[in-house]
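Please read the structure below before turning to the comments.
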C-alpha cells in the first residue's frame, strides 16, 4: 500500500469528514490557501486587555470608528473627536432635505423622498475582495446588493470621434478585441512570430484568436453579433438580421476609449463583483454609530497634538468661539486627512511633518441629479453602469437599483483629474449643475430637460477634509510608524487610497500596534 | 445667418425644450435612433377589436400568457389550455416543499424556507436588451435586481490543467490579454504588420497594447496587478507587494478556458447588465397569472388539433381517464414544444409537420443545492457569478442575492451539452445529486459536506416539455407562418431559443397577425 497521500486526496478526506471550513483551515495550515481566500482578519485583542488604558481617536470616519469599535471591545476607553457634526467622513449619502456644506457654500438636497432616491457622494462601491469592510457588513448585518461598473449598453463618448456621437461599450469592446485578434492572427499566419511560438502553439493561438475576436473563416474581423444586431433590436429577436458594422479602427485608435475606459472593469479594485449597501453607503456609518456613536464627540476641532509623559494630549475646541479643552490619553489614532493635519500644531518629528506635508489629495468632484424619468432605462436599456465622456464630467453613473421606478438619481459627473476637478470646484454649486447638465446633454440629447434637481460635492472644498483621497498610491513610510504615542490611520496610510478598505485595514494595524505596545507597558 | 441646423443642434434644441422623450421620438422619426434604443413594443391592438372572436391558446408558458394578456385586452375571448397543473412552463422556481415531477420520478424540494432559498430551474437571467419581457416587468411592477455572470473571483477548472487546481477568472483573463498584447506588440515592433498598419497606426497600436495587456516597459507581459496580489490578500492592502506570476501560456492554450468561458460575458445575451426578478423568476409567472390566470384551464392535455370551417377545433382531455372535450375557436396560438407537438394528431400541412419534426430540443439539466453555509463568500470572496469546470456539471452558480446570510442555494450543475445532459438525465434524482456533488468537490474541496439538500431538473424528461430549448438558433420558416388558423409561438419560433424574450416576441407576432387577419374577416 502506498504510504503517502496526495495533498488533494488528503484535503478531500478532510472535506468529506468535516466540510469546506475544515479544508480551508487545513489549507491555511499547509500554506495552500491561495490568494483571495483570506477571510476578514479583524484584530483579535484579548477581552479586557485595554482596561485602564485610553485612546484618543481623531476623526469619526471609517478608520476612526473601526478603531473605536475594535479597541472598545478590548476594554480601552476611547474618545473620538470629530470636527464636523456628523460621523462617516467621506462616506456620505445625500437624501431629500440633507444639507451639504462646503467652505463657501451650503446646498440643500432637493431630491424627492424615496428609498431609491439617494446619491453616494463619497465611496459608492465595495470590491468583493475588500474583506475587512465586507466583514463588518456581514458581522453587522448590512444588506448588500450588486454595484454595476460594466454595462455593455452604456456609452463611450469623445467629442472629436465618431462625429461626436456616443458608441455603446458593447460595440467598442467587441471591435477592439476583433481587430487585435485579426492583426495577431495575420502576424502568426505570416510566420512572423515563429521564434516565440512552436508549431503546435501556433495552431492553438490561431484557434484561440478566432474565438477571442469572433473572426470569420478567413481570420478577418468583419464585426460580430457580440456588438449587437443592426436595426431596432439589439438582440436577434424573431429573425436575426445583420449585425452592426465594426467601428472604424482608425477612429477607435484615435479615441481615448482604449486608454483605460474599455478595460476599467479589469482593474483589480473595479472588477466584478462589486457590492453596495442597499439604500446608501452610509448604512455602514449607521451600523458603526449604533455601536460606537456614544464615544463620538461631535464638533470638536483638533487644535494641537502634543506629547505628554503619559502619552498624548489633544487640544480641541467646540467650533469657533467655544472654549478649548484638552484630552489626555495613553495613545492617539490620528485619521485627520494630511491636507488638514499639516496645519495643526503638533510635536511631531520633522520627518513625520515632512511626510504629512508631502501627501496631496485629489480634488475630486461628484455631482448627482434627480431626473423625472429613468430615461436611460426607458430609451436606451441602460440598467446601471457607467458612461464615459472626454468632457470634464468624465462619467455618468446610472443607478444599479430602483429599476423601472418613475424617477431616479444619477451621478452626472465624477471628476478626479486635477484640472477639471479644480475647474468644477471653483464654480458655485448652481454653475456646477449647469455645466454638468450641458456636458451630459452631449452624451444624452435632451438630458438637461429631464433633470429635476441636483447636488454637488467638491471634496477639495470640504472643511476638515480638503480633498477626496491621497494622490500617491502608497503612503510615505513615516506615516506607517507611530510618532510617539500617535498612530496614523485612514486610507492615506494604506495602499488603497480612496477605499474604505484602506481605512479599515489601517485602523486594524493601529489597533494591533497599540495592543502590542500596551502589553509591554 | 445660416439657414441650416445640424442634426445634433436640432436635437439639442428639441431636448432643451421638451426632454429626452421628445428627442427620442424625434430621432425615431428621423431614423436616427440607434440599436438598443427600441422600447418594448407590445402589440397595440385596438381596444374592443377582438370582440366576438375567440382564440384557443395552447400552453400557459410565457408565450401563451403573453398572448392571452394582449388578446384579452383587445376583447378577444381567450382560453388557455395547459397540460400540467401549473402555469409558467419552463419558468420554474423551486422552493421549500415544492414537488418537481419528471416522467419517472417525483422529487420534493427540501430547502429550508426563506426568501433567499430558491432555485430558478428554468430561465434565470434577463439580458438588458430583452425589452419585451422587461417591458412586462416594468408594466406589472416586478422588482428586479442584478444577475451576475461575470465574477473575477469565480473559478475556471480543467481536470488536466494546472495540476487539476482551479484558477481565478481574474488571473486567467488578465493573463490571456497580456500574452495576446505581448505577441502582437512583438509582431508590430518587428514590422511584421507594416502592410496592415500605417506608421502612425503602429505607434498608436503599440500604446494601445501596452494598456490593453498591462505590458512592462519592454512591452513584455510579466503579470499584472489586475490578476491580484500574491499572498493572503488579493488587493494591495496596507502595502502592495508582488502580484501573482502569470499562468503558463502553454497551459492556458491547452485549457478549454479560451474557447468561450473567458469571454462568456461578451456574448450578446450574456453581457452585462443582466437582471432577475427579486425572489425568483416565477414572479413573472405570478404577475401574468394575476391578469390572465382565470383564462387558464389546467390539466387539459391537447389530443388533436383540427381545422374547422370556423377556424380550429382543439380536442383535449383532463388527464388520463377524463372525458375528452372539444374547444372551437376562430384562431389558435400553439406554444406546445415541438418534441411534444410532433406526436399530437393534427390537420397540419406536410410542410408544417416536417418543420415540427425537425426541431430537436436540448436535454439540459440543472441541479441546485442548499448548503449550510455560504462557503463561497466566506472562504473565497465569491459573490455571485459562475465557476466553470470541464466536468459534466459544467458550471457552478453562486447566488447574486442573500449575501452574507447563513445558508444559500447554489446551482451545482447546469449542463446543456448533449452527452453529459443525457447522462445526468438518465440517472435517478439521488444519483444526479451524488454525481454533481462529487464533481463539485474537485472545484471546491469539502463541497459535498456543505450540502444540506438538492433538487434536479432534467428538462428532457419533463412531461409536455421534453427538452429545454430548441437546438437550432433559428426556427424552420414553416413555423413562422400560420397553418390554417393556427399560429405557432414560443421561443421555438424565435431566433432567441431558450429565452423568455423569444417567447414574448413570438406571442406578439402571433397576436399582431391575428389582429390583422381579424380586421380583414
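The values are calculated or read from the model by the stated rules, or taken from the named source; none is laboratory data. Fair warning: this is a prediction, and the values are worked out from it, not measured in the lab. FYI the Cβ positions are ideal-geometry reconstructions off the backbone, even for glycines, and counts take in every protein chain you see.
Taken together, the residues in region A:78-99 that are touching a residue at least 60 places away in the same chain (Cβ under 8 Å) and outside any loop (DSSP other than H, G, I, E, B) amount to 6.
Any residue that is without any contact (Cβ under 8 Å) to a residue 24 or more places away in the chain and in contact with a helix residue (DSSP H, G or I) (Cβ under 8 Å, 6 or more places away or on another chain) - is there at least one of those in region A:120-141? No.
Got a number for residues in region A:183-195 being part of a helix (DSSP H, G or I) and free of Cβ contacts under 8 Å to residues at least 12 places away in the same chain? Break it down stepwise before answering.
To start, the set of residues in region A:183-195 that are part of a helix (DSSP H, G or I) comprises A:183-189.
Now narrow it down to the ones that are free of Cβ contacts under 8 Å to residues at least 12 places away in the same chain: A:183, A:187.
The qualifying residues number 2.
When B:369, B:361 are checked against the criterion of being in contact with a strand residue (DSSP E or B) (Cβ under 9 Å, 6 or more places away or on another chain), under 30 Å from residue B:470 (Cβ atoms) and within 14 Å of chain A (Cβ to nearest Cβ), a single residue qualifies: B:369.
Screening residue B:180 against (1) touching a helix residue (DSSP H, G or I) at 6+ places or on another chain (Cβ under 7 Å); (2) free of Cβ contacts under 8 Å to residues at least 24 places away in the same chain; (3) facing chain A (nearest Cβ under 10 Å) leaves a single unmet condition, (2).
With the requirement that a residue be in a loop (DSSP other than H, G, I, E, B), more than 19 Å from the chain's Cα centre (by Cα) and within 14 Å of another protein chain (Cβ to nearest Cβ), what does region A:115-139 give you?
Listed by number, the residues that qualify are A:115, A:116.
So residue A:230 passes all but one of these: (1) surrounded by 20 or more Cβ atoms within 10 Å (Cβ to Cβ); (2) farther than 20 Å from residue B:174 by Cβ; (3) within 9 Å of another protein chain (Cβ to nearest Cβ). Which condition number does it fail? Here residue A:230 clears every test but (1).
Yes/no per residue for (1) assigned to a helix (DSSP H, G or I); (2) free of Cβ contacts under 8 Å to residues at least 24 places away in the same chain; (3) over 24 Å from the mean Cα position of the chain (by Cα):
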site	(1), (2), (3)
B:496	no, no, no
B:501	yes, no, no
B:505	yes, no, no
B:510	yes, no, no
B:515	yes, no, yes
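Within region A:319-350, being surrounded by 14 or more Cβ atoms within 10 Å (Cβ to Cβ), within 32 Å of the chain's Cα centre (by Cα) and over 27 Å from residue A:501 (Cβ atoms) holds for one residue alone: A:346. What are the residues in region B:465-481 that are within 25 Å of residue B:135 (Cβ to Cβ) and either buried (at least 24 other Cβ atoms within 10 Å of the Cβ) or touching a helix residue (DSSP H, G or I) at 6+ places or on another chain (Cβ under 7 Å) (or both), if any? Result: B:468, B:469, B:470, B:475, B:479, B:480. Return yes when residue B:153 is at the interface with chain A (Cβ under 7 Å from one of its Cβ atoms), under 30 Å from residue A:115 (Cβ atoms) and surrounded by 16 or more Cβ atoms within 10 Å (Cβ to Cβ) and no when it is not. Criteria met by residue B:153. If the condition is being more than 12 Å from chain B (Cβ to nearest Cβ) and either within 17 Å of residue A:177 (Cα to Cα) or not in a helix (DSSP H, G or I) (or both), then region A:196-222 contributes A:215, A:216, A:217, A:218, A:219, A:222. Taken over region A:46-77, the criterion of being surrounded by fewer than 19 Cβ atoms within 10 Å (Cβ to Cβ) and in a loop (DSSP other than H, G, I, E, B) is satisfied by A:46, A:47, A:48, A:49, A:51, A:52, A:75.
Condition check ((1) without any contact (Cβ under 8 Å) to a residue 40 or more places away in the chain; (2) in contact with a helix residue (DSSP H, G or I) (Cβ under 7 Å, 6 or more places away or on another chain); (3) outside the structural domain of residue A:113 (by TED's automatic domain parsing)) across all residues:
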position	(1), (2), (3)
A:267	yes, yes, yes
A:294	yes, no, yes
A:306	no, no, yes
A:322	yes, no, yes
A:325	yes, no, yes
A:332	no, no, yes
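With respect to the conditions (1) within 12 Å of chain B (Cβ to nearest Cβ); (2) in contact with a helix residue (DSSP H, G or I) (Cβ under 8 Å, 6 or more places away or on another chain), residue A:146 lacks only one, and its number is (2).
Scanning region A:373-398 for residues that are within 14 Å of chain B (Cβ to nearest Cβ) and within 26 Å of residue A:458 (Cβ to Cβ) gives A:376, A:384, A:385, A:386, A:387, A:396, A:397, A:398. Looking across B:504, B:489, B:518, one residue alone is under 17 Å from residue B:68 (Cβ atoms) and out of contact with any helix residue (DSSP H, G or I) (no Cβ under 9 Å at 6 or more places or on another chain). It is B:518. Checked against the criterion of being at pLDDT below 95 and touching a strand residue (DSSP E or B) at 6+ places or on another chain (Cβ under 8 Å), the candidates B:311, B:319 yield just one match: B:319.
Does region B:437-457 contain at least one residue that is touching a helix residue (DSSP H, G or I) at 6+ places or on another chain (Cβ under 6 Å), more than 10 Å from chain A (Cβ to nearest Cβ), crowded, with 22+ Cβ neighbours inside 10 Å and more than 22 Å from residue B:159 (Cα to Cα)? Yes - at least one qualifying residue is present in region B:437-457.
Residues in region B:476-494 that are under 19 Å from residue B:89 (Cβ atoms) and either without any contact (Cβ under 8 Å) to a residue 24 or more places away in the chain or outside the structural domain of residue B:350 (by TED's automatic domain parsing) (or both): B:493, B:494.
Among the residues of region B:235-267, the ones that are within 25 Å of residue A:214 (Cα to Cα), facing chain A (nearest Cβ under 9 Å) and either surrounded by 15 or more Cβ atoms within 10 Å (Cβ to Cβ) or modelled with pLDDT under 95 (or both) come to 10 in all.
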